[in-house]
Amino acid sequence: MNICVIPARGGSKRIPQKNIKEFNGKPIIAYSIEAALKSDCFDQVIVSTDDDEIAEVSKKYGAKVPFIRPDELSSDHATTIPVIKHAIEWMEANNHYIENVCCLYATAPFIQSQTIHKAFQKLQDLKSDYCFSVTRFPFPVQRAIRISQDNKVNMLYPEHFNSRSQDLDEVYHDAGQFYWGKAQAFKDELSLFSEAAAPYILPRY
């Protein structure tokens with residue numbers, strides 16, 4: 001089976017309860033749940049949370065909350081792949097065979113169901129371990145500068161001081177919407193930012 005796992009812990013520090021903050025009339029997590037359900041890619045859409053209020057809101061919009069995420073995966077230092085691995089292993093321990101998983105962030109209100117579907121198709125077509133959303137940097141990173149502690153400027157790549165922008169390779173960054181992957185890749189904790197992954201390119205807007 002294919003599952004969508006939406007990580008949504010309750011302990012956000014910068015914006016308390018950000019995963020269920022109202023955004024344009026409904027909790028922000030609702031957009032991710034609704035897009036996942038509409039994509040017709042999943043046997044189950046699951047929210048992984050440690051928070052009762054988030055669990056209730058998630059169920060209201062059609063997601064399942066079959067477990068409460070353990071404390072060790074709910075801290076400020078918990079990373080995404082172990083959270084997804086936990087969800088897969090919980091499902092398997094409860095007699096579900098998981099083939100593919102999409103980790104979909106709760107704070108991605110502009111996610112489109114067709115994007116989820118097309119990225120899944122790319123994962124299958126390329127036989128990749130992962131496929132995730134990326135987008136272009138707006139300016140060549142090879143000409144990036146840093147500001148030092150004593151308020152001075154230096155280039156990250158000084159060898160490109162005289163390079164023309166059009167001569168530099170275009171580069172991309174994680175767009176922070178979703179990560180499709182084979183269940184085994186998540187269980188093996190393969191690196192996302194590697195040749196194990198294929199990019200699904202989103203427009204910058």
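Some observations on this one:
- Selection status of residue 48, open to solvent by less than 30 Å² (accessible area, probe 1.4 Å), farther than 22 Å from residue 130 by Cα and polar (S, T, N, Q): no
- Residues of region 110-132 that turn out to be surrounded by fewer than 17 Cβ atoms within 10 Å (Cβ to Cβ) and either within 14 Å of the chain's Cα centre (by Cα) or free of Cβ contacts under 8 Å to residues at least 40 places away in the same chain (or both), as a count: 6
- When residue 77 is tested against the conditions (1) over 15 Å from residue 180 (Cα atoms); (2) touching a strand residue (DSSP E or B) at 6+ places or on another chain (Cβ under 9 Å); (3) free of Cβ contacts under 8 Å to residues at least 60 places away in the same chain; (4) not aliphatic (A, V, I, L, M), the lone failure is (2).
- Wholly enclosed strands (runs of 3 or more DSSP E) of region 90-205 bearing at least 1 residues under 15 Å from residue 36 (Cβ atoms): 100-104, 130-136, 172-182
- Whenever a residue of region 184-205 is modelled with pLDDT under 95, its partners that are loosely packed, with under 12 Cβ neighbours inside 10 Å, lying with C-beta atoms within less than 7 angstrom and at least six residues away or across chains, give the pairs 204/138.
- Screening residue 163 against (1) within 22 Å of residue 136 (Cα to Cα); (2) open to solvent by 60 Å² or more (accessible area, probe 1.4 Å); (3) in contact (Cβ under 8 Å) with a residue 12 or more places away in the chain leaves a single unmet condition, (2).
- Subset of region 133-148 [touching a Leu at 6+ places or on another chain (Cβ under 9 Å), free of Cβ contacts under 8 Å to residues at least 60 places away in the same chain and open to solvent by less than 90 Å² (accessible area, probe 1.4 Å)]: 140, 141, 142, 143, 144
- For region 15-22, the criterion of a residue being basic (Lys, Arg), over 30 Å from residue 118 (Cβ atoms), in a loop (DSSP other than H, G, I, E, B) and open to solvent by 30 Å² or more (accessible area, probe 1.4 Å) is satisfied by no position.
- Here the condition is being open to solvent by 20 Å² or more (accessible area, probe 1.4 Å), farther than 17 Å from residue 176 by Cα and without any contact (Cβ under 8 Å) to a residue 12 or more places away in the chain; of 25, 62, 11, it holds for 25 alone.
- Considering residues of region 28-39 that are β-branched (Val, Ile, Thr) and in contact (Cβ under 8 Å) with a residue 40 or more places away in the chain only, the residue surrounded by the fewest Cβ atoms within 10 Å (Cβ to Cβ): 28
- Selection count, region 36-80, where residues are touching a Lys or Arg at 6+ places or on another chain (Cβ under 9 Å), in a strand (DSSP E or B) and among the β-branched types (Val, Ile, Thr): 4
The values are calculated or read from the model by the stated rules, or taken from the named source; none is laboratory data. Just so it is clear, the model here is predicted, and its values are computed rather than measured. Note: ideal-geometry Cβ built from the backbone for every residue, glycine included; neighbour counts use all protein chains shown. All accessible areas refer to the heavy atoms of the entire protein, side chains included, with ligands and DNA or RNA removed. Shrake-Rupley method; radii C 1.70, N 1.55, O 1.52, S 1.80 Å.
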